[in-house]
Amino acid sequence: MGPLDGLRILDLTSVLMGPYATSILGDMGADVIKLESPQGDMTRAVGPSRGGTMGGMFMHANRSKRSIVVDLKTAAGLDVALRLAEKSDILIYNVRPQAMVRLGLGYDDVAAVNSGIIYVGAFGFGQDGPYAARPAYDDLIQGISTVPHLLAETGDGTPRYVSVNIADRIVGLHVVNAVLAAVRHRDKTGRGQKIDVPMFETMASFVLGDHLGGLSFRPPLDQGGYARLMAKNRKPYRTADGHLCVLLYTDKHWRDFLTMSGHAAKLDDPRFASHPDRLAHIDAIYQEVAEIMRERTSAEWEGMLLACDIPHTPAHTLTSIMDDPHLNAVGFFQPVEHSSEGPVLSMRVASTWSDSQPQPQRLAPLLGEHTREILTEIGCDEAETERLVASGAVAQLPPKD
């Protein structure tokens, strides 16, 4: 039994940001009911899959959930959704708030049937500003929160997006934080509430925490930007036969590295004398380290760096990380059998708990896999369920051969 056992979450999210958050909550033991349209979450078809509706991204962001198919554009479907909300502790959505109001599922509509519900929206922009009604996606939020600009400054001048849905996942984690804090608040006061988690403001805070720098002061002390993070030579070092990630940070790291690599004479260079001195010349000294790193193979460096306790890791690829000895030792990749996809890999919950260890409750559901059992839980008898299915207000996965 996970730490959130006993909480029911009505999950009206799709694509990645919301599903990632609700999957984490499901791993913690919450009963997450994923409400999907008859077409299903669009990410079901993203990437390769054996059945065509269970791509890898969908599977990893939607485990620990049950799926019910409801057509919210029908009166009967809306009624089902409100009955689900009535029996839920938390409702999470990630479309624009205006769309929820048009569906009849705005906060006032839901609070009318469940005044204690925690109603959490994750969407592009705070509702008090001029961007309130704009659509938002990960790429757009990366751009507006300065990520491509920072990559251009540290690269060849071309703005680029990070090759990870970083905004979706960071904001998803903030949704989890908000839910847990709101549950604590309700436990103390008995009151539910409406919470907005805007992507732009969340990512702006995340990025500018590192890079606001001198712009934090009035008048500004500089143009912002943390010099070490923006150094063009801050990247995995090329070795004689590959790449290696090395971080020389403290005075001891630098002394040990230059000494054991045969370059102790550089310790007399004032640029290496202290952290402020190194920071003032960070790109030039990173370039000197890059030249030193080419002198030996990755294996030779790893042995030497490990002996001096200098921070370093392999520079993995998407395939080499699958064989990482540490991940294998902790059982990170877990082989499981999915009902439609057959043998697949799941990733374990990263944190370890001495009690109430979170873990996946179930694999990602097929579209509408649990429609009938969920309808039973909200009081639908067999006759009503059949009427709802026949009308198209809900859909049930056909029985498997």
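Read-outs throughout are calculated quantities, based only on the coordinates presented, and are distinct from any laboratory measurement. Just so we're clear, the structure is a prediction, and the values are computed from it rather than from any experiment. Please note: Cβ atoms are built from the backbone with ideal geometry, for glycine as well, and neighbour counts cover all protein chains shown.
Quick rundown of the values:
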quantity	calculated
Cα-based Rg and Dmax for the chain, where Dmax is the largest Cα-Cα distance (Å)	25.5, 86
Max mean-square fluctuation residue, GNM over the chain, Cα-Cα springs under 10 Å, options 30, 61, 178	178
Estimated FRET transfer efficiency (residue 158, residue 181; beta-carbon r; R0 41 Å; 0.05)	0.55
Long-range amide H partners of residue 195 with built H, under 5 Å	119, 120, 121
Sequence-separation-based contact order of segment 3-60, relative, with Cα cut under 8 Å and 6+ spacing, percent	32 percent
Per-residue ³J(HN,Hα) for segment 184-200, Karplus 6.51 cos²θ - 1.76 cosθ + 1.60, θ = phi - 60°, Hz, x for Gly and Pro	4, 4, 5, 4, 7, 10, x, 9, x, 6, 9, 10, 9, 10, x, 5, 4
Segment 201-301: chymotrypsin sites (Phe, Trp or Tyr not before Pro) falling in loop per DSSP and having at most 11 other Cβ within 10 Å	217
Theoretical gain in end-to-end length, residue 221 to residue 241 [0.36 nm per residue, Cα-Cα removed]	2.9 nm
Cross-link reach list, lysines versus residue 252, counting only Cα pairs under 19 Å and skipping chain neighbours closer than eight places	266
The chain, relative contact order [Cα under 8 Å, separation at least 6], %	20 percent
Contour minus Cα-Cα distance for residue 297 and residue 317 (0.36 nm per residue)	5.4 nm
Other-chain or far-sequence residues with amide H under 5 Å of residue 338's (modelled H)	344
Cross-link reach list, aspartates and glutamates versus residue 188, counting only Cα pairs under 15 Å and skipping chain neighbours closer than eight places	89
Volume of the Cα convex hull of segment 65-129, divided per residue and given in Å³	98 Å³
Using alpha-carbon coordinates, inclination of helix 17-27 to the longest axis of the chain, degrees	80 degrees
Euclidean distance of C-alpha centroids, segment 20-38 and segment 262-297, integer Å	49 Å
Whole-Hz couplings from phi, Karplus 6.51/-1.76/1.60, listed for segment 47-63; x for Gly and Pro	x, x, 7, 7, x, x, 10, 9, x, x, 4, 5, 4, 6, 9, 9, 6
Nearest-20 debye value, the chain charge dipole, Cβ charges on Lys, Arg, Asp, Glu	500 debye
Per-residue HN-Hα couplings for segment 260-270 [Karplus 6.51, -1.76, 1.60; θ = phi - 60°; Hz; x = Gly/Pro]	6, 8, x, 10, 4, 4, 5, 5, 7, 6, x
Inter-site label distance for residue 112 and residue 387 at 7 Å from Cα along Cβ, in nm	2.1 nm
